[in-house]
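Before any comments, here is the structure.
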Amino acid sequence: MRWRYPVFICLITAFGLVPAAGKAEGVSVRDAWIRQAPPGATVMAGYLELRNSTSRPQVLEAASSTGFASVMMHRTVVRDGMAGMEHLSRTELAPNASLIFAPGGSHLMLMNPKQALRAGDTVVVELEFRGGLVLPVTFAVRK
């Protein structure tokens with residue numbers, strides 16, 4: 001019997017001999033959720049807690065989802081008493097630390113949902129880190 005490379009890789013992956021990228025890189029996510037928007041809304045916000053359990057910084061460079069036309073990272077800023085949003089091209093997660101994306105702070109802007117989302121639905125967003133780590137995260141839609 002001759003081994004063919006793709007079959008061999010499938011077998012290795014199926015038996016768990018290749019660790020999951022998120023776990024191997026020491027980045028984990030907790031409490032990922034999206035605020036339910038009114039019907040017809042074209043923008044939603046996503047929140048989560050990122051944990052870096054490594055001794056080196058991790059840099060979140062982008063996010064994407066098949067459920068939305070685009071995903072951007074923003075943070076809320078207040079200047080001269082006026083609140084607004086500032087685009088983040090990347091954000092650094094310090095070694096052995098957590099970073100919280102929460103209302104009134106850093107968050108994911110989820111643009112143009114492909115379908116209406118209601119409380120109880122879920123959407124996968126892929127977080128893309130420097131060095132090639134892509135971490136798929138399931139976000140729950142909440143009221």
Filtering the stretch 63-88 down to residues that are under 14 Å from the mean Cα position of the chain (by Cα) and in a loop (DSSP other than H, G, I, E, B), which residue is surrounded by the most Cβ atoms within 10 Å (Cβ to Cβ)? SER65
Do you know which residues across the stretch 89-107 are within 19 Å of ALA45 (Cβ to Cβ), aliphatic (A, V, I, L, M) and assigned to a strand (DSSP E or B)? LEU99, ILE100
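Are any residues in the stretch 64-85 free of Cβ contacts under 8 Å to residues at least 24 places away in the same chain, farther than 21 Å from GLU49 by Cα and in contact with a strand residue (DSSP E or B) (Cβ under 7 Å, 6 or more places away or on another chain), and if so, which ones?
Restricting attention to the stretch 64-85, the residues satisfying the condition of being free of Cβ contacts under 8 Å to residues at least 24 places away in the same chain are 77-84.
Remaining after also requiring farther than 21 Å from GLU49 by Cα: 78-84.
The answer is ALA83, GLY84.
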For the condition farther than 26 Å from ALA119 by Cβ, modelled with pLDDT under 95 and not basic (Lys, Arg), what is the one hit in ALA21, ALA97, ALA83, ALA62? ALA21
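The values are calculated or read from the model by the stated rules, or taken from the named source; none is laboratory data. Please read these numbers as outputs of a predicted model, since none were measured by experiment. Please note: Cβ atoms are built from the backbone with ideal geometry, for glycine as well, and neighbour counts cover all protein chains shown.
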